[in-house]
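As structure tokens, the structure follows; a few thoughts come after it.
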Amino acid sequence: VTTPTSHAPQSLAGHLLVLIRREGDFHDCWDSLVIGFVGMTSLDNDNGVGGLTFVWRGLTGHYLSAIQEETLASLVERATVLENRDVQRFRLILSREEIRRLIERLWIIKNTVDYRYRFFGVNCATMVLDTLNHAFEGGEEIALDVPLVAPLHIAAALDEHRRLGDPVYPEHWSIGKRARQASAQNAEIRARVL
């Protein structure tokens, strides 16, 4: 989960991704595969489409979705430095069969499924939940009865259904949070010195 940021309308609620730790990945998962669902807004961004037009298009499904693949290292750099977001990780509680089904579903989505991306309705969070619902065994399904779905709604629903495990440390703090932390420590040291 990356925390919300105000740098772009589609980022106001945060972002939800899935990290897949493969055999042979580094122990800290720095090279592990991170998969997220994104709206393909770059053409509009590159051509100066912004403001209310951009927001309207994002709310009404103008943009196609895509699967974005990156490593944990690139995600942390992009999120914490470029977007000023924190990155927090949690373990998913899945059986080996569910992991296999999750990987299979991601492959199917990448190669055959097109979604219309909506910033708050069919977005990174709902697409991850849809993918997990296809992976769960025994017909288990997590449904949400809210019109606007944020990543933390999905995290809460996964926790409620005992599918969200413990946090994975370290958390990766944004440059803003690190600066505030350093400023508070400096103020504390200054007070002791004086």
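Conditions (1) under 19 Å from the mean Cα position of the chain (by Cα); (2) more than 25 Å from residue 166 (Cα to Cα); (3) surrounded by 17 or more Cβ atoms within 10 Å (Cβ to Cβ); (4) touching a residue at least 12 places away in the same chain (Cβ under 8 Å), marked per residue:
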| residue | (1), (2), (3), (4) |
| --- | --- |
| 2 | yes, no, yes, yes |
| 25 | no, no, no, no |
| 40 | yes, yes, no, yes |
| 43 | no, yes, no, no |
| 49 | no, yes, no, no |
| 56 | no, yes, no, no |
| 73 | yes, no, no, yes |
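Which members of segment 172-182 meet the condition of being open to solvent by 70 Å² or more (accessible area, probe 1.4 Å) and modelled with pLDDT of 90 or more?
Of everything in segment 172-182, just one residue is open to solvent by 70 Å² or more (accessible area, probe 1.4 Å) and modelled with pLDDT of 90 or more, namely 173.
Across segment 110-160, which residue is surrounded by the most Cβ atoms within 10 Å (Cβ to Cβ) among those that are under 19 Å from residue 55 (Cα atoms) and aliphatic (A, V, I, L, M)? Before you say what the answer is, go through the steps one by one.
Filtering segment 110-160 for residues under 19 Å from residue 55 (Cα atoms) gives 115-126, 147-151.
Filter once more, so that each one left must be aliphatic (A, V, I, L, M): 122, 125, 148-150.
Working: 122: 18, 125: 26, 148: 12, 149: 21, 150: 21.
My answer is 125.
If I filter segment 75-93 down to residues being open to solvent by 40 Å² or more (accessible area, probe 1.4 Å), in contact (Cβ under 8 Å) with a residue 60 or more places away in the chain and not β-branched (Val, Ile, Thr), which single residue comes out as nearest to residue 140 (Cα to Cα)?
92
Return the residues of segment 152-194 that are within 30 Å of residue 131 (Cα to Cα), part of a helix (DSSP H, G or I) and of a type in the set (D, E, K, R); say none if nothing qualifies.
Passing the criteria: 159, 160.
Go through (1) open to solvent by 70 Å² or more (accessible area, probe 1.4 Å); (2) under 20 Å from residue 170 (Cα atoms); (3) of a type in the set (D, E, K, R) one by one and return the number of the condition residue 69 breaks.
Looking at each condition in turn, residue 69 falls short on (2).
So which residues in segment 38-58 are within 23 Å of residue 16 (Cβ to Cβ) and in contact with a helix residue (DSSP H, G or I) (Cβ under 9 Å, 6 or more places away or on another chain), if there are any at all?
Residues of segment 38-58 within 23 Å of residue 16 (Cβ to Cβ): 38-42, 44-45, 54-55, 57-58.
Passing the criteria: 38, 39, 41, 44, 45, 54, 55, 57, 58.
The values are calculated or read from the model by the stated rules, or taken from the named source; none is laboratory data. Everything numeric in this text was worked out from a predicted model, so none of it was measured. So basically every Cβ, Gly included, is an ideal-geometry build from the backbone, and we count neighbours across all protein chains shown. Heavy atoms of the whole protein, side chains included, go into the accessibility calculation; ligands, DNA and RNA do not. Shrake-Rupley method; radii C 1.70, N 1.55, O 1.52, S 1.80 Å.
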